[in-house]
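Enquirer: Once you've had a glance at the structure underneath, I'll fire off some questions.
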Amino acid sequence: MTLSLSRTDLFREQAVIGGSWRDAASGATETVVDPATGAAIGSVPKMGADETTQAIDAAAAAFPGWAATSAKERAVILKRWADLMVAHADDLARIMTAEQGKPVPEARGEVLYGASFIEWFAEEGRRVYGDTIPSPWGDRRIVAIKQPIGVTAAITPWNFPNAMLARKAGPALAAGCTMVAKPAGQTPYSMLAMAVLAEEAGLPPGVLNIVTGDARAIGGVMTASPIVQKISFTGSTEVGRVLMRQSADTIKKLSLELGGNAPFIVFDDPDLDKAVEGAMVAKFRNNGQTCVCANRIYVQAGVYDAFAEKLVAAVKKLKVGNGFDAGVTLGPLIDEKAVAKVREHLDDAVAKGATVLTGGNSLGGNFIAPAVVADVTPEMIVSREETFGPLAPLIRFSTEDEAIRLANDTEFGLASYFYSRDIGRVWRVGEKLEYGIVGINTGLISTAEAPFGGVKQSGLGARARNTASRTIWRSSISAWDCD
Ligand code: ADP
């Protein structure tokens with residue numbers, strides 16, 4: 001596949017360690033495919049333990065110099081990096097669409113969103129205040145200072161190939177830490193392109209190293225290394241558990257942003273058109289492949305039929321296709337496994353009595369028609385597991401207590417949403433939902449300024465922070481890779 005880019009050098013098929021762009025020592029490579037066509041886009045080095053060790057050493061060598069720069073000097077470089085991402089948003093978006101599948105305008109949106117994290121943390125890095133603590137002794141003073149903890153490691157997923165690195169590297173580098181990052185095997189090029197721009201922005205060699213290849217080998221070295229002080233991971237709860245276990249021996253600090261099973265509750269009093277709008281964003285953004293995607297849609301009995309009808313009408317307007325084609329709103333799913341999972345959830349629901357209101361049929365390859373399914377019950381797989389695809393299951397409920405009980409009946413606790421105009425209910429339900437993030441009368445819940453993270457088995461590293469406006473966001477990743 002030939003990607004048409006204004007800057008072809010942003011498409012890199014090598015990893016970067018200590019400032020040098022490299023192949024794997026063995027010469028081995030991994031092919032990366034376009035999920036829309038199955039065609040090879042190119043390859044990246046299949047690196048393993050040795051290269052990861054070298055990258056950690058490079059990050060360790062770069063650390064003292066980077067930590068010694070002033071917060072302002074770091075901020076200038078990071079701000080320049082963010083500006084370069086914005087300036088090259090079109091190319092970065094095309095690279096992302098090729099490897100991830102999301103439509104180009106959505107990919108462009110992610111690039112800007114990613115840049116906003118780098119910019120935000122560049123600014124926040126200048127405000128890492130310590131504390132002066134009143135001393136119980138007249139002749140001694142107590143001062144708590146903040147220092148970068150050292151070499152950090154990041155492992156990112158394929159659903160946000162740009163923004164997940166931005167959200168991890170932004171705070172770590174702003175705080176004065178260095179980093180070794182590993183992209184998902186499906187989507188390495190977005191991260192490599194960001195590294196090209198980081199270099200151009202003036203990031204010194206070794207501050208941000210990228211290793212592609214064997215996830216287990218790379219993760220194994222990252223977790224076992226006594227040099228790596230902190231790991232930030234976004235991905236499945238299953239892999240999160242493995243990394244946490246592996247990190248025990250070195251008592252590594254961890255930020256984990258893991259799976260979700262987001263409830264989206266529609267009470268019988270809101271503006272239904274707005275609720276449908278919110279549900280469309282929360283459910284179908286990135287073709288249902290985000291960890292905060294609405295997974296279970298609970299609708300109060302009085303508005304169930306009306307909501308279902310409006311949702312089906314909205315879903316029928318979605319246009320599925322190759323993300324490079326104009327007007328496409330849903331691209332392919334990432335791979336065959338993802339398609340099979342949606343199919344499994346759908347078939348199980350139908351076998352147990354659910355009704356397909358629209359979609360669900362295969363459109364060939366990794367494409368599937370977005371589906372709305374009614375009469376879903378808690379026994380169905382779709383109510384219990386994250387579907388990670390364009391399937392909207394509707395579950396009828398009668399009372400507020402029932403909705404809360406059903407919504408909280410999961411080991412996950414990342415994002416939740418509800419629509420209501422009753423101010424008493426807004427506060428009651430907002431506080432009773434056991435989720436790190438509660439979106440009230442909105443389907444969009446993420447921005448650089450707000451905390452983001454989960455409770456229960458959805459993650460670690462959350463910091464309590466209550467912000468109440470139209471959205472209550474109750475926790476965050478520990479933004480600072482800095483103790
Ligand atoms: P998903 O189901 O979204 O692919 P994963 O948790 O499998 O989520 O993958 C998220 C990231 O974790 C990817 O970068 C992947 O390569 C990486 N990964 C998967 N298994 C391991 C492992 N055993 N050790 C380290 N990283 C891993």
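Bear in mind these aren't lab numbers, they're just calculated from the coordinates by the rules spelled out. Quick caveat, the model's predicted, so the values are computed rather than measured. Here Cβ is always computed from backbone atoms with ideal geometry, including for glycine, and neighbour counts include all displayed protein chains.
Enquirer: Identify, among 225, 362, 27, the residue whose Cα sits farthest towards the positive end of the charge dipole of the chain, taking +1 on the Cβ of Lys and Arg and -1 on the Cβ of Asp and Glu, with the dipole about the Cα centre.
Expert: Comparing the listed Cα positions along the dipole, 225 ranks first.
Enquirer: I need the shape label for the range 33-95. Rule: rounded when a/c is under 1.5, else prolate if a/b > b/c, else oblate, with a, b, c from the alpha carbon gyration tensor. Before the final figure, lay out each step's value.
Expert: On the way: a/c = 5.84, a/b = 1.31, b/c = 4.45.
Note, shape of the range 33-95 comes out oblate.
Enquirer: Let me ask you something else. State the answer as a single residue: which of 177, 460, 312 lies farthest towards the positive end of the charge dipole of the chain, with beta carbon charges of +1 for Lys and Arg and -1 for Asp and Glu, about the Cα centre.
Expert: About the Cα centre, the residue reaching furthest to the positive side is 177.
Enquirer: Given contacts defined as C-alpha pairs under 8 Å and at least six residues apart, what's the relative contact order of the range 359-403, whole-number percent?
Expert: Relative contact order here is 34 percent.
Enquirer: Then there is this: What does the charge count near residue 279 come to, summing +1 for each Lys or Arg and -1 for each Asp or Glu among other residues with Cβ under 12 Å from its Cβ?
Expert: Value of the local net charge: +3.
Enquirer: Of the options 254, 189, 117, report the single residue whose Cα projects farthest towards the positive end of the charge dipole of the range 15-257 (beta-carbon charges: Lys, Arg +1; Asp, Glu -1).
Expert: Projecting each Cα onto the dipole axis, the largest value belongs to 254.
Enquirer: Another question, if that's okay. Using only the alpha-carbon atoms, how far is helix 423-432 inclined from the longest principal axis of the chain? Give it as 0 to 90 degrees, nearest 10.
Expert: It works out to around 60 degrees.
Enquirer: So for 269, 91, fewest C-beta neighbours within 10 Å to most, what's the order?
Expert: 269, 91
Enquirer: Helix-only mean residue ellipticity at 222 nm, the chain, DSSP H runs n ≥ 4 weighted -39,500 (n - 2.57), per residue, nearest 500. What is it?
Expert: -12500 deg cm²/dmol
Enquirer: Taking Cα centroids, how far is the range 141-168 from the range 86-129 in Å?
Expert: 16 Å
Enquirer: Cα gyration tensor of the range 262-451, axes a ≥ b ≥ c as square roots of the eigenvalues: rounded (a/c below 1.5), prolate (a/b > b/c) or oblate? Don't skip to the end; give the middle numbers.
Expert: Numbers: a/c = 1.59, a/b = 1.40, b/c = 1.13.
Prolate.
Enquirer: Separate question: Looking only at the range 262-451, where both bridge partners belong to it, what percent of the DSSP beta bridges are antiparallel (to the nearest 5)? Walk me through the numbers before you get to the answer.
Expert: Details: 4 of 24 bridges.
Close to 15 percent.
Enquirer: Quick check on my link table: of 168/432; 72/230; 182/283; 102/456; 79/168; 102/337, which ones sit more than 19 Å apart, alpha carbon to alpha carbon?
Expert: Table pairs above 19 Å Cα-Cα are 168/432; 72/230; 182/283; 102/456.
Enquirer: Neighbour counts of other C-beta atoms within 10 Å: give me 416, 225 arranged from fewest to most.
Expert: Working: 416 32, 225 21.
Listed from fewest to most nearby Cβ atoms, that is 225, 416.
Enquirer: Normalized C-alpha radius of gyration of the range 37-162, against 2.2 N^0.38 Å?
Expert: Output field value: 1.46.
Enquirer: When a footprinting reagent is the concern and you count Cβ atoms within 10 Å, what order do 112, 258, 92 take, fewest first?
Expert: Arranged by neighbour count, lowest to highest, 112, 258, 92 become 112, 258, 92.
Enquirer: Would you grab the residues whose amide H sits under 5 Å from the one on residue 32? Only those 5+ places off in sequence or on another chain, please, with H modelled 1.01 Å from N.
Expert: Result for residue 32 returns 41, 42, 43, 44.
Enquirer: Restricting to Cα atoms and excluding each atom paired with itself, what does the Kirkwood estimate give for the chain in Å? Don't skip to the answer; put the middle values down first.
Expert: Details: mean 1/r = 0.0435 Å⁻¹.
Across the chain, the inverse of the average 1/r is 23.0 Å.
Enquirer: Give me the distance between the Cα centres of the range 256-322 and the range 375-401, rounded to whole Å.
Expert: 11 Å
Enquirer: Same structure, new question: What's the center-to-center distance, using Cα atoms, between the range 22-36 and the range 39-62 in Å?
Expert: One Cα centre to the other: 11 Å.
Enquirer: Counting DSSP beta bridges with both partners in the range 15-257, what percentage is antiparallel, nearest 5?
Expert: 40 percent
Enquirer: Okay, moving on. Express as a percent, rounded to the nearest 5, the fraction of DSSP beta bridges in the chain (both residues included) that run antiparallel.
Expert: On the way: 26 of 65 bridges.
Within the chain, antiparallel bridges account for around 40 percent of the total.
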